[in-house]
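The numbers here are math on the coordinates, done by the rules we state, and not lab data. Bear in mind that the values here come from a model prediction, so they are computed numbers and not experimental data. Positions of Cβ are generated from backbone atoms using ideal geometry, with glycine treated the same way; all protein chains shown enter the neighbour counts.
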Amino acid sequence: MTKKLSLYFIRHGQTYLNKYGRMQGWSDAPLTPEGLENVKASGRGLSDVEFIAAYSSDLQRTVATANAMLTENKHAYGLQLEQRPEFRETFFGSFEGLDGKYAWGEIAAQRGLSNEQELFSQSSVREILNATRAADPTGDAEDFQMFWSRVEQGFLDIINRHRAQGGNIFIVAHGVTIRNIIHELDPSITEQFVLDNASVSILSYEQGLFKAEKINDISHFKK
């Protein structure tokens, strides 16, 4: 018999590429001082939550976020962070590091749309990823199937590993990665949303069903 799992998905803290509005998938940048402070504030807000396991992607912005948050947790002594490449952000191919407005404009044009705002308001995450690969002149960017096949593999491994025990799972990942997991596993979530840096989204798993209990929560931040 399985017990309830509560998966706490945290988006990494603000990086310098975030601050400068640059595309950041597999490319990496350190957290800004403001980003680190918000990560610590998020960690303090979760300090009383007891986690049975901790995961992050293998990119340094998520590893740094996870370590800083766990340092604030009262129950994290002895908890080992496991880095999983399956939880990486999507790969933007030749758009990596470019100005975000330019890159999203090119991707929007691939869908016959005018700009970034139209792209995100009128497209599903799946459609955006497919348009990203189609718009990348090198063909290196991931489409939805490439992206989801690796994310799903890592996610299901974690569910299978912990569902008999139940409890709270700590996972630091990326905006598109977390959004995709929520949209794919809880069909009741149909609206589009963007995740703030260091925000928490909680996805529960019980009796074979997933339910999004919180999305993009920053109300718990403690200075």
Gyration tensor (Cα only) of segment 92-141 to equivalent ellipsoid, semi-axes in Å sorted down, yields 16, 12, 8
Just how many % of Cα pairs in the chain lie over 20 Å apart, if you round to the nearest whole percent? 58
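Counting other beta carbons within 10 Å of each Cβ, put L185, L79 in order, fewest first.
L79, L185
Quick one: compute the contact order of segment 92-141, relative version, from alpha carbon pairs under 8 angstrom and 6+ residues apart, as a percent.
Values: 50 pairs, mean separation 24.1, N = 50.
Answer for segment 92-141 is 48 percent.
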Of the residues M69, M23, M146, which exhibits the maximal mean-square fluctuation in a Gaussian network model of the chain defined by a 10 Å Cα contact cut-off? M146
For helix 60-71, what angle does its Cα long axis make with the longest principal axis of the chain, in degrees from 0 to 90 and rounded to 10? 20
Would you mind ranking V39, V194 so that the residue whose beta carbon has the fewest other beta carbons within 10 Å leads the list? V194, V39
Sorted by chain and number, the residues with a modelled amide H under 5 Å from that of Y55, at a separation of 5 or more or across chains, are E82, F170, I171, V172
Phi-based couplings in Hz for segment 42-54 (Karplus 6.51, -1.76, 1.60; Gly and Pro marked x): 5, x, 5, x, 9, 5, 8, 7, 8, 9, 8, 7, 9
Report the Cα-based extents of segment 1-118 along its three principal axes, largest first, to the nearest Å. 49, 41, 23
With everything on Cα atoms, drop me the angle between helix 175-185 and the longest principal axis of the chain, reported from 0 to 90° to the nearest 10. 70
Residues whose modelled amide H sits under 5 Å from the amide H of D217, counting only those 5 or more places away in sequence or on another chain, are V200, S201
Can you count the Lys pairs in the chain whose Cα atoms are under 14 Å apart, with each pair 8 or more apart or on different chains? 5
